[in-house]
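The values are calculated or read from the model by the stated rules, or taken from the named source; none is laboratory data. Quick caveat, the model's predicted, so the values are computed rather than measured. Cβ sites come from the backbone with ideal geometry, for glycine too, and all protein chains shown count toward neighbours. We work out accessible area using only protein heavy atoms, side chains counted, and drop any ligands, DNA or RNA first. Shrake-Rupley method; radii C 1.70, N 1.55, O 1.52, S 1.80 Å.
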Amino acid sequence: MKNYVALLYSIILGEKRRVVMTDLRAMAERLGYLGPRTLVSTGNIVFDAPDKPLADIEAELEAAFAATFGRHVDIIARVGEDWRKLAAGNPFPAESEADPTRVHVRVMRSPLRPEVLEMFRGHCSRGERMEIVGGDLWVDFAGKASESKLLGTLTTKRLGVGTFRNWNTVRGLREMVTG
């Protein structure tokens, strides 16, 4: 058995309906995943499952999500050990500790290449900084991400399938897979 982290791209179903975490955990249990647990209402789930390719885990979760909630959602999975490495690779540790909501990571299904950064540097107008670590995009928004022009340019169309999580969430999930 391995420990996994799964991140849902969006948990808004439309008409102001959100996925209830108890329903998400029950969905994971129906797949045979053990000990599913969620981090508040953020669309993150940690569970144990047999060792298998991440693409298989993602496909199983996406199919179950569509069947359960009536909508496709991209889901990115990582092995718990890899999640700990992701958290340890944070290139902005001081900024993360000072304000955990200003540093985000876009966890990618397919790794980004370093040259991708040049596509977005012109959108860093408020002191934002970006780094690619292990194929994932880390961003220090130098304040509220929602106030940055950069955030709106970092889309699936430009980067591929991925989802953002702030440092609070990254740290919380790290604690869940460690403890």
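List of remarks:
- Residue count for the range 83-96 satisfying the condition of being exposed (fewer than 15 other Cβ atoms within 10 Å of the Cβ) and either of a type in the set (A, V, I, L, M) or free of Cβ contacts under 8 Å to residues at least 12 places away in the same chain (or both): 3.
- From R106, R78, R71, residue being out of contact with any helix residue (DSSP H, G or I) (no Cβ under 6 Å at 6 or more places or on another chain) and either assigned to a loop (DSSP other than H, G, I, E, B) or open to solvent by 50 Å² or more (accessible area, probe 1.4 Å) (or both): R71
- Within the range 132-147, tally of residues that are under 19 Å from the mean Cα position of the chain (by Cα) and open to solvent by 80 Å² or more (accessible area, probe 1.4 Å): 2
- Screening P114 with (1) modelled with pLDDT of 95 or more; (2) open to solvent by 60 Å² or more (accessible area, probe 1.4 Å) gives one miss only, at (1).
- Within the set V46, V103, the sole residue that is at pLDDT 95 or above, at negative phi, in contact with a Ser or Thr (Cβ under 6 Å, 6 or more places away or on another chain) and of a type outside the set (K, R) turns out to be V103.
- Some residue of the range 123-130 being touching a strand residue (DSSP E or B) at 6+ places or on another chain (Cβ under 9 Å) and in a strand (DSSP E or B): yes
- Exactly one residue out of V103, V79 is among the hydrophobic types (A, V, I, L, M, F, W, C) and touching an Asp or Glu at 6+ places or on another chain (Cβ under 7 Å): that is V103.
- Being open to solvent by 20 Å² or more (accessible area, probe 1.4 Å) and either outside any loop (DSSP other than H, G, I, E, B) or farther than 20 Å from R109 by Cα (or both) is a description that applies to A59.
- When residues in the range 18-70 are screened for being of a type in the set (F, W, Y) and closer than 11 Å to A6 by Cα, 1 of them pass.
- Selection count where residues are in contact with a strand residue (DSSP E or B) (Cβ under 8 Å, 6 or more places away or on another chain) and either under 13 Å from M21 (Cβ atoms) or among the charged types (D, E, K, R) (or both), scope the range 66-90: 5
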